Structure formats: C-alpha cells, structure tokens
Amino acid sequence: MALPLAELLKLDPDKMPAHSERPTPDEFRHKKQVYYEDVQIGQEIPKYIQRFNTVHLFNWCAAIENPHRIHYDHPYAINYDKLPGVLFHGTWRMAIIPSWLKDWTFPGGWFWKADWQVRAMVVANEITIVWGKVTNKYAKDGLGFVDLEIGIKNQDGIEGCPGNATVVLPLKGGKPIPYPFVPPN
Amino acid sequence: MARFLAICSQPEMNESKFKEALGGFKKWRPDRWTFVTKAYACADGKIVAECEAREKAHFEQWLMGTGWKVEGIHDVTHIHEAGQIWKM
Amino acid sequence: MSRQAESVLTPEIKALIGEKGEMVEGWGVVDEEYLRRFVQALPDWDPTYWDAEFARKTRFKARTVPPVMVTYMAGRRPLEEWSPVEGRPEVERGSLPRIPTKLDRHLHGGDAVEVFQYPKLGDSVCYQRRYADIQERVGGDGKPFLVIIAETTYWNQKNEVLCKVRSTYINR
C-alpha cells in the first residue's frame, strides 16, 4: 500500500526512499495497464523518491556533457557561487518528469505534456519526492485524458517544481492510443 | 550574503552532540539564505563553524540554538582550500 | 506622486517575437552508448530501452529511448567545436538573438514539454529555437521585467516532430 504524500513527509528523511514506487525492470515486464476508468480525481499517483548524491550528479553531468562546476565542484559551489552545496540540475527535472509519467501510463498510455516552474534549489543528498495528484479527467475521441498537479518536494516538504501535466490513458475496451501521438484539436 | 566564522567551545562535545547540532538539512540549512557550510569539532572542546548568511544576526541566532559558548564571530574575507583562493 | 516606470518591452524587443535561430543538426545519431549512459544517470529502468525481445512485444514494436532524451542529446558537439583548454564547447549553436535590454539578472522560470513520438536508434535529430513570446510584467517592487518564452522543436530525419520544449526566462 502506497504511503500518501502527507504521511511520507512525517517520516525521518532516511526512511523515505524505501517508499519509492518506481517499478523494477521485472515489474515493468508484468505491468498492468492503468485505464481511464481506474483513475479518480484527487488520487495520488505513484511517487518516485530518491536521494541524489554526488555520484548521481556526476553521472548526470557526464551523460549530458554538462561541465558546469556548480554540480560537482563543492568548493567552487560554496565559495564562488555562494551555494549551500553542489546543486541538483534544474534541467534534470525535464527528463525525470516525462519518464516518471511515461512509466505510470505504460504500456498502452502516453505522456503527452507537462509544465512546471523552477523554484527552490536542491543540493546533493537531499531527498527528492516526485509526486502527482489527479485534478481532472475527460474522454475525447475515444481516448482518456487525465490532468495532474505535479511537483518535486524535498524531505522538508518544500516544493521545488510546482506544475501540471496531462497524460492519455486507454479506455477499457477502447481503441489504442495512436502512435505517434496526435494531440486533439 | 556574507561568510562568517565562529570560534566556540563546548567542553563535553562528542559525536552524538555534534550530530544533534548539525545532522539533517534543517539543522545545517535552517532557512533558504543561511547555511553552515563547515564545522570542526576539536579535541580540546573548541568548535570552528563557517556560515554563509545574509546577516551576521542570522548566524548568531543559529549558534544560540546549539548551546555552544560563542567566543567570537568574524567576517571572512578570503578562503584557502586545497590550493584555491576564494575572495568572499 | 510616483512616476510610472518606463516600459522595458521596447519595439526592438517586440520585433524579436517569432525570430528563429539557425536549424541545427545534432552531432551523430541516436546511439546505443548515449542511451545506456543516459538511462543509467536519469535513472529510468524501463526494459524497453535495452531488451529488444521485450520491446518487440510493446506497441512501439522496437526499442525506444526516454521521452525527451533528444533534447539533451542534440547538444552534443563535434570535437572541432570543443575547447581543450576550457573542457567545454566553445561554440554555441542555434542561439537566438540577444535581447537588447539593460536588465541584467537572468532567471530560469520554468519549462514545458510536449512529446509526440520517440526517435529510433540510428535516427538523426535536428532542432530549432524561436522566441515564442516576450511579455512585460511588473514586480512587487513596481519595476517592470521581461518574461521570455523560448521554444525549441526537435525533428527526426523524416521531418517528423518528436517533441517541443518551451522554456521561460525572466530578465529583471
């Protein structure tokens, strides 16, 4: 049973990552489709919880060829840019959010769109809680559209990335979602 | 923003008390603009703590919460760290 | 009586709305090694990226890549555009014209993404930026500032749109 966001935030930060709902590769292979009819307004969707440490930050810098020192050079970050530590990349969110919503809609759904603001900075070793809550749903052209309020909170509940997203889910017994995805008019 | 260095003492300092003062984000980063970047606990009971803050008063307030005896707080102008010199 | 602050959205800046950067062809193709490193770092554990047999049974019928991986991948630079002294690219590609303003604080306000399809391994990717919008707002201090929306569209070699990113920047 997933722990609601409000309950999660009452935990000791060290205990939070154990409640992450990220599927393992094996769980992906057997993942059951979430259908439009299964979704209720107000429901929370699976949360991804992780403590990104300096190894993760280094790997991300190397993978995307971002050499900016504030992400891996601690003396530079605190003494030149006067930051509290090496920073989690703001643009990392742009990869995390679509992948997370892609996972939730897998295998037959589609992550369509999301937007968010860049707010509080996150430093290495903070907990990041990627969370979402259904705010609206509607069926159109035989497809199920689900709007979500989304964000990435830290262990203290500070929101660093408030935003919105829309995913598309199949209707039970309905047609498959077209691929490539064509947005409704 | 400015950098400050506090010389303090706490004769019965141990790892547990040190963690109590600094372990966890809310402890070393009490608000968005105040962060204790480094602290040294010495065998003779001295503590040296470095803090980035908007005003010295914010660091003083944090120090009061630790229970340490504050001997002095100094404005930092330069830092040397492993061959690099940083001007504050 | 306070004097109304002078507008920062000048006709010269307004004229930049719709202005495009050069069309840039990303270096290389969507390749195995970039995908491997990207999903390890992200992380994203979806076996559709690396298990061909599993991927064949999905509706994509083949291996895919993370939804917006191309937006990072397209920034790769060939060796001749890399500075060995600085350890970073020395050429900025596809830039938009500079906003002629005295406002010198630049903030990244947020992003929006829209995804239509994934590229396939072996695809090449192009992108182009444009100023989608530039607006003036007034801060709590009564001073006007600029909100700039820069949109980047990514295509595959068949000219099919893969995804779009709209980034909001604030100059104040």
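No value in this document is a laboratory result; all are computed from the given coordinates. Because the structure is predicted, anything quoted here is derived from the model rather than measured. Virtual Cβ from ideal backbone geometry, glycine too; neighbours counted across all protein chains shown.
The mean sequence separation of alpha-carbon pairs under 8 Å and at least six residues apart, normalised by the residue count of chain C, gives a relative contact order of 29 percent.
Using the beta-carbon distance between residue C:85 and residue B:42 and R0 = 45 Å, what value does 1/(1 + (r/R0)^6) give for FRET efficiency, to the nearest 0.05? That pair, residue C:85 with residue B:42, gives E of 0.60.
Of the GluC sites (Glu not before Pro) found in the range C:1-109, those that fall in a DSSP loop while having at most 12 other beta-carbon atoms within 10 Å are C:6, C:19, C:22, C:86, C:90, C:92. Once backbone amide H atoms are built at 1.01 Å from N, residue A:2 has no partners under 5 Å, excluding neighbours fewer than 5 places away on the same chain.
Students often get this wrong: which residues of the range B:56-79 have the backbone nitrogen under 11 Å from the point 7 angstrom along Cα-to-C-beta of residue B:20? Within reach of a label on residue B:20, which here means backbone N under 11 Å from a point 7 Å along Cα→Cβ, the range B:56-79 contributes B:66-68. Dividing the mean sequence gap of close Cα pairs (under 8 Å, 6+ apart) by how many residues chain B holds gives a relative contact order of 41 percent. Taking a ≥ b ≥ c as the square roots of the eigenvalues of the Cα gyration tensor of the range C:47-149, is the shape rounded (a/c under 1.5), prolate (a/b larger than b/c) or oblate? In terms of gyration-tensor shape, oblate. Please give every one of the aspartates and glutamates within straight-line cross-link reach of residue B:27, meaning a C-alpha to C-alpha distance under 17 Å, and leave out same-chain neighbours fewer than 8 residues apart. Cross-link targets: A:12, A:14, A:126, A:156, B:15, B:50, B:52, B:60. Panel order for A:80, C:49, by other beta carbons found within 10 Å of each beta carbon, from fewest to most: A:80, C:49. On a 0 to 90 degree scale, rounded to 10, what angle separates helix A:54-64 from the longest Cα axis of chain A? Relative to chain A, helix A:54-64 is tipped by roughly 70 degrees. A quarter of the convex hull surface defined by the alpha-carbon atoms of the range A:49-113 gives 5.4 nm² as the mean projection. Close amide H contacts of residue C:76 (hydrogens built in the peptide plane, cut-off under 5 Å, sequence separation of 5 or more or a different chain): C:27. Expressed per residue, the C-alpha convex hull volume of chain C stands at 152 Å³. Under Stokes-Einstein, with the Kirkwood radius over Cα pairs as Rh, the value for the range A:89-185 at 25 °C and 0.890 mPa s is 171 µm²/s. Considering every alpha-carbon pair of chain B, the percent of pairs per 10 Å bin, from zero through the bin containing the longest distance, is 17, 52, 29, 3. Of A:24, A:135, the sequence from fewest to most neighbouring Cβ atoms within 10 angstrom is A:24, A:135.
How compact is the range C:97-156 by the rule of thumb for globular proteins, expressed as Cα Rg over 2.2 N^0.38 Å? Computed over Cα atoms of the range C:97-156, the ratio equals 1.55.
Place a label point 7 angstrom from the Cα of residue C:22 along the Cα-to-Cβ direction, then list the residues of the range C:72-89 whose backbone nitrogen is under 20 Å away. Label zone hits: C:72-84, C:88-89. Phi angles of the range C:81-88 translate, via the Karplus equation with coefficients 6.51, -1.76, 1.60 and θ = phi - 60°, into HN-Hα couplings of 9, 10, 8, x, 6, 8, x, 7 Hz per residue; Gly and Pro are given as x.
Under 5 Å from the amide H of residue A:123 lie the amide H atoms of A:88, each residue being 5 or more positions distant or on a separate chain, with H modelled from the backbone and absent for Pro and chain starts.
Counting only alpha carbon atoms, the long axis of helix C:32-41 and the longest principal axis of chain C meet at about 60°. Rounded to whole numbers, the Karplus 3J(HN,Hα) couplings from phi for the range B:53-62 are 8, 6, 9, 4, 4, 5, 5, 4, 5, 5 Hz, using 6.51 cos²θ - 1.76 cosθ + 1.60 with θ = phi - 60°, and x at Gly and Pro.
Bridging of residue A:133 to aspartates and glutamates at a Cα separation below 17 Å is possible for A:7, A:21, A:37, A:38, A:44, A:103, A:115, A:147, A:149, A:159, once same-chain residues fewer than 8 apart are set aside. Across the range A:22-29, computed HN-Hα scalar couplings (Karplus, 6.51 cos²θ - 1.76 cosθ + 1.60, θ = phi - 60°) run 5, x, 6, x, 5, 5, 4, 4 Hz from first to last residue, x flagging Gly and Pro.
Taking Cα atoms only, the orientation of helix A:93-105 departs from the longest principal axis of chain A by about 30 degrees. Legend: translational diffusion of the protein assembly as shown by Stokes-Einstein, Rh = Kirkwood radius over C-alpha pairs, 4 °C, 1.567 mPa s; D = 53 µm²/s. Residue by residue along C:56-66, Cβ atoms of other protein chains within 10 Å of the local Cβ number 2 on average.
Among C:166, C:59, B:3, what is the fewest-to-most ranking by other Cβ atoms within 10 Å?
C:59, C:166, B:3
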